[in-house]
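Engineer: One structure coming up, written as structure tokens, with questions to follow.
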Amino acid sequence: MKHIISLLLILNITFMNAQNSLHDFNITTIDGEQKSLSNFKGKKLLLVNTASECGFTSQYEALQKVHEQYGDQLVIIGFPANNFGGQEPGSNSDIKSFCKKNYGVSFLMSNKVSVKGADIDPMFGWLNQQENSSYKGDIMWNFEKYLVDENGQLIKRFRSTTKPNSSAITSLL
């Protein structure tokens with residue numbers, strides 16, 4: 001089993017290193033649709049690993065406000081993940097319903113992914129290794145944020161405590 005996990009990590013790292021920009025990745029939306037991130041060339045992206053039962057869950061409200069205010073120049077994508085304390089236990093359907101009912105979320109949501117560990121989503125593996133990242137390496141907790149430029153390059157990474165509508169983020173839009 002150890003050998004299989006090691007092989008998977010090597011393959012994952014090899015795949016991550018083959019990507020030159022975020023636009024080289026595809027995601028599956030919370031509704032099961034495939035979407036190429038190259039569709040968002042020319043716009044900034046704010047990528048956030050989310051969870052429905054976290055102390056930072058209320059940041060969904062601020063994310064929605066930023067989406068409404070800056071939606072013409074910024075695409076927000078939430079990535080539900082259950083990597084920290086089992087704080088995202090629901091199915092994609094449960095998550096979508098929770099976000100809509102409690103926070104009126106209308107920004108793009110991906111299907112549930114892993115943002116850490118042997119089964120990390122390749123996009124997050126790539127983002128975590130970017131040289132210009134303020135914080136390089138594994139995500140520490142839910143609601144970390146990655147701001148990506150119009151060309152698919154990481155501008156800056158923010159920890160969970162940075163609110164989506166803080167000037168640290170909005171001043172870079």
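Engineer: Considering each residue of the stretch 84-100, count those that are under 18 Å from Gln59 (Cα atoms) and of a type in the set (S, T, N, Q), and give that number.
Structural biologist: Of the residues in the stretch 84-100, 2 are under 18 Å from Gln59 (Cα atoms) and of a type in the set (S, T, N, Q).
Engineer: Would you point out which residue out of Phe143, Phe107 is crowded, with 19+ Cβ neighbours inside 10 Å, touching a helix residue (DSSP H, G or I) at 6+ places or on another chain (Cβ under 9 Å) and farther than 19 Å from Gly55 by Cβ?
Structural biologist: Exactly one of Phe143, Phe107 is crowded, with 19+ Cβ neighbours inside 10 Å, touching a helix residue (DSSP H, G or I) at 6+ places or on another chain (Cβ under 9 Å) and farther than 19 Å from Gly55 by Cβ, namely Phe107.
Engineer: Now for a different question. Are there any helices (runs of 4 or more DSSP H) wholly within the stretch 58-173 with 2 or more residues that are over 12 Å from the mean Cα position of the chain (by Cα), and if so which?
Structural biologist: The helices (runs of 4 or more DSSP H) meeting that bar are 59-70, 92-103, 167-170.
Engineer: Look through Ser93, Ser171, Ser110 and report the one residue that is farther than 27 Å from Gln34 by Cβ and of a type in the set (S, T, N, Q).
Structural biologist: Criteria check complete, one pass: Ser171.
Engineer: Hey, among the residues in the stretch 107-130 that are out of contact with any Asp or Glu (no Cβ under 8 Å at 6 or more places or on another chain) and of a type in the set (S, T, N, Q), which one's farthest from Gln153 (Cα to Cα)?
Structural biologist: This residue is Asn111.
Engineer: Further, regarding this structure: Looking at the stretch 62-99 only, could you name the residues that are hydrophobic (A, V, I, L, M, F, W, C) and more than 26 Å from Gly42 (Cβ to Cβ)?
Structural biologist: Ala81, Phe84, Ile95, Phe98, Cys99
Just so you know, all these numbers are worked out from the coordinates, no wet-lab data involved. What you see is a predicted model; the values in this text were computed from it and never measured. So basically every Cβ, Gly included, is an ideal-geometry build from the backbone, and we count neighbours across all protein chains shown.
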